[in-house]
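Have a look at the structure below, then the notes.
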Amino acid sequence: MTYIGLATRFTNSTHTIANYQAVKNKMLQYGLNVIRLGSGDELFGSSYTWHNGDAVQWFLDNTDVAVIVDRHHTINNTFMTQAQWNTIDANLDAMAVRWVAYGDRVLLEPVNEYAGTDFQSQMQRIINTFRGNGRTTWLIFNTFPPWTRAILTDSLRKTYAGDHYYMNLATATNDYGLTCFNRMVDGHGITGLPMFGSEEGADYNETPAFTKEKVDALSRYLQLCADAGYSNVVWMLSELKNMPTYESLGIVFPTVPSTQKKYVFKQWQDGDTNPTKTVII
C-alpha cells in the first residue's frame, strides 16, 4: 500500500470538528489517503496536545484514510529518561488496544526524530516489547539526519524506516527532488525495510523560506516516490497553515499508479559509505 497525505497537529483551542473537517475536505480535494496527527504535550511540554486522541478517533470514524499517530513529537532529542521510555511503551500498548478494530488503518510512530546514540537499541527494544505483548499494529521509526538507517528486526515485518526530507537539505541543487528520492532508495537498500516519509516539506524553515523551485522539487520527489511505492506525508505545521503557500506555488500531489516503476539500487555493504544512486528501468 502506498500512502500520500498530510501531517498536522492541533492545540487545545484548535481541536474542533470544524478544523478536522477542513483538513478532511482538503484531503478529499487532492485524493489523499493518510494523515499523520502529532502531539507532544505529555512528555515534552508542547502546545500541540494529545487531547485524549480525539483527532485520531474523529479521522478513523469520519474518513476512510489511514492515520499515523505521532503522539510523542520532539525534535533532535538526544536523551530520554527511563520514565519517558516507560510512558512511550505504555502509550503504544494502550493505543494498539484502543484502535485494534481499525486494523492496518492505524500506524504508530513511537517518538519523533529521536537522535540519541542508543536509537537502534531503544527502537529494537520497543519492537520486541510491543510484539511481545501481542500487538500487530504497524510501527514507523525515524531519527534525526541522516535519518533512519538502523537495522531493525520485526517478527511480523510490519515496521517502516522513516525519513523526513525537506528540499533545502538536498545536496544536488540542480534537482532537489531526485536527490531526496535517491536518499529514500538508499535507505531501503541499507535497512531492508519499507520506507515511509512521515514528514516532508519544501523547507523546514516553513513558509517564509518556500520558493517555487523548492515546491516544484517537492512535487517531483513525491511523484518519484509514489511511482516506486514509497509513502509520504507533507508537513502542514498545524491545521492547514502551510497549505495556502503550497497551493500558491503550485504544489502537485501525486497519483499512485496501478503499476509501479522498478528502481535498481546497490545493496549496502559493510564499510560502504557511498551507495550507488538509483537507475530508473
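Details
- Among residues of the range 105-118 that are touching a residue at least 40 places away in the same chain (Cβ under 8 Å) and within 11 Å of THR74 (Cβ to Cβ), those with a Cβ under 6 angstrom from a residue that is surrounded by 23 or more Cβ atoms within 10 Å (Cβ to Cβ) and acidic (Asp, Glu), sequence gap 6+ or separate chain, pair up as ASN112/ASP70.
- Residue that is farthest from TYR3 (Cα to Cα) [pool: residues in the range 24-77 that are surrounded by 19 or more Cβ atoms within 10 Å (Cβ to Cβ) and basic (Lys, Arg)]: ARG71
- Some residue of the range 67-76 being more than 26 Å from GLY134 (Cα to Cα) and of a type outside the set (Val, Ile, Thr): yes
- Pair list, Cβ < 8 Å and 6+ apart or interchain, from the range 132-144 residues that are under 18 Å from ASP118 (Cα atoms) and modelled with pLDDT under 95 to residues that are among the aromatic types (Phe, Trp, Tyr) and assigned to a helix (DSSP H, G or I): THR143/PHE119
- Set ALA115, ALA90: member being farther than 30 Å from ALA209 by Cβ, of a type in the set (A, V, I, L, M), surrounded by fewer than 16 Cβ atoms within 10 Å (Cβ to Cβ) and out of contact with any Lys or Arg (no Cβ under 7 Å at 6 or more places or on another chain): ALA90
- Scan the range 151-205 for residues that are in a helix (DSSP H, G or I), small (Gly, Ala, Ser) and under 30 Å from ASN133 (Cα atoms) and the total you get is 2.
- Set ASN86, ASN112: member being of a type in the set (S, T, N, Q) and either at positive phi or touching an Asp or Glu at 6+ places or on another chain (Cβ under 9 Å) (or both): ASN112
- For the residues THR81, THR49, THR16, THR8, the requirement of being over 22 Å from LYS241 (Cα atoms) and among the hydroxyl-bearing types (Ser, Thr, Tyr) singles out THR81.
- Odd one out for LEU28 among (1) touching a Phe, Trp or Tyr at 6+ places or on another chain (Cβ under 6 Å); (2) without any contact (Cβ under 8 Å) to a residue 24 or more places away in the chain: (1)
The values are calculated or read from the model by the stated rules, or taken from the named source; none is laboratory data. Since the model is a prediction, treat every value here as computed from it, not as a measurement. Cβ coordinates were reconstructed from backbone atoms using ideal geometry, including for glycine residues, and neighbour counts include every protein chain displayed.
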